[in-house]
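The values are calculated or read from the model by the stated rules, or taken from the named source; none is laboratory data. What you are looking at is a predicted structure, and each value in this text was computed from that prediction instead of being measured. All Cβ positions, even for glycine, are placed from backbone atoms using ideal geometry, and neighbour counts span all protein chains on display.
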Ligand code: CMP
């Protein structure tokens, strides 16, 4: 059974084309498929809305500022167990943990700090659906699941 997730390459990653290419290669070599993608620059309002669940956390303002600081690449990925698979490929959120426990993960290799941690992935089927609708409102999520 195929599932969907949202993968985001954050501004400090998109600014490094060779790194973007490495990550696309990782997606392909892990049997994940890019269903749709776009490169966008978030407004402050959009970034606040996307990270609403983190409102009030100590890192919220710096996270929002960072996510608006340049283009991001948003991808809908499909594959078996794609949510867990992509999260494993990314490695832990916190960069020191990523470098220590998972040095060849995306965050282990390309994370700069806990905020500038290279990439994002949906954490559940529900958040994947919500994030796909957030970034790809034209994408027919239910239709895709009927067909896959
Ligand atoms: P992401 O997967 O996009 O989800 C929330 C983001 O908050 C996370 O990646 C990091 O970029 C950012 N963040 C910054 N500091 C922290 C922290 N101490 N703990 C968790 N997330 C953090």
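Pick from the stretch 46-65 the residues that are part of a loop (DSSP other than H, G, I, E, B) and more than 15 Å from residue 135 (Cβ to Cβ): which of them is nearest to the ligand (Cβ to nearest atom)? Spell out the reasoning first.
Step one: of the stretch 46-65, the residues part of a loop (DSSP other than H, G, I, E, B) are 51, 55-59.
Now drop any that are not more than 15 Å from residue 135 (Cβ to Cβ), which leaves 55-59.
On the way: 55: 12, 56: 13, 57: 7, 58: 7, 59: 4 Å.
Selected residue: 59.
Restricting the search to the stretch 1-21, which residues are more than 15 Å from the ligand (Cβ to nearest atom) and either touching a helix residue (DSSP H, G or I) at 6+ places or on another chain (Cβ under 8 Å) or in a strand (DSSP E or B) (or both)? Please lay out each step first, then the result.
First, the residues of the stretch 1-21 that are more than 15 Å from the ligand (Cβ to nearest atom): 1-4, 15-21.
Of everything in the stretch 1-21, those that are more than 15 Å from the ligand (Cβ to nearest atom) and either touching a helix residue (DSSP H, G or I) at 6+ places or on another chain (Cβ under 8 Å) or in a strand (DSSP E or B) (or both) turn out to be 2, 3, 4, 16, 19, 20.
Okay, residues lined up against (1) under 18 Å from residue 117 (Cβ atoms); (2) touching a strand residue (DSSP E or B) at 6+ places or on another chain (Cβ under 7 Å); (3) touching a residue at least 24 places away in the same chain (Cβ under 8 Å); (4) loosely packed, with under 14 Cβ neighbours inside 10 Å:
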| position | (1), (2), (3), (4) |
| --- | --- |
| 17 | no, no, no, yes |
| 30 | no, no, yes, no |
| 55 | no, no, no, yes |
| 64 | yes, no, no, no |
| 94 | yes, no, no, no |
| 97 | yes, no, no, no |
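Among 96, 100, which is the only one that is farther than 21 Å from residue 129 by Cβ, away from the ligand (no atom under 11 Å from the Cβ), assigned to a helix (DSSP H, G or I) and over 16 Å from the mean Cα position of the chain (by Cα)?
On the way: 96 fails: away from the ligand (no atom under 11 Å from the Cβ).
Only one candidate passes the filter, namely 100.
Could you check, for the stretch 33-42, whether at least one of its residues is at pLDDT 95 or above and over 24 Å from residue 126 (Cα atoms)?
Yes, the conditions are met somewhere in the stretch 33-42.
Just to check your reading of the model, which residue among 112, 40, 72 is under 23 Å from residue 17 (Cα atoms), surrounded by fewer than 17 Cβ atoms within 10 Å (Cβ to Cβ) and within 11 Å of the ligand (Cβ to nearest atom)?
Numbers: 40 fails: within 11 Å of the ligand (Cβ to nearest atom); 72 fails: surrounded by fewer than 17 Cβ atoms within 10 Å (Cβ to Cβ).
Selected residue: 112, the only one of 112, 40, 72 that is under 23 Å from residue 17 (Cα atoms), surrounded by fewer than 17 Cβ atoms within 10 Å (Cβ to Cβ) and within 11 Å of the ligand (Cβ to nearest atom).
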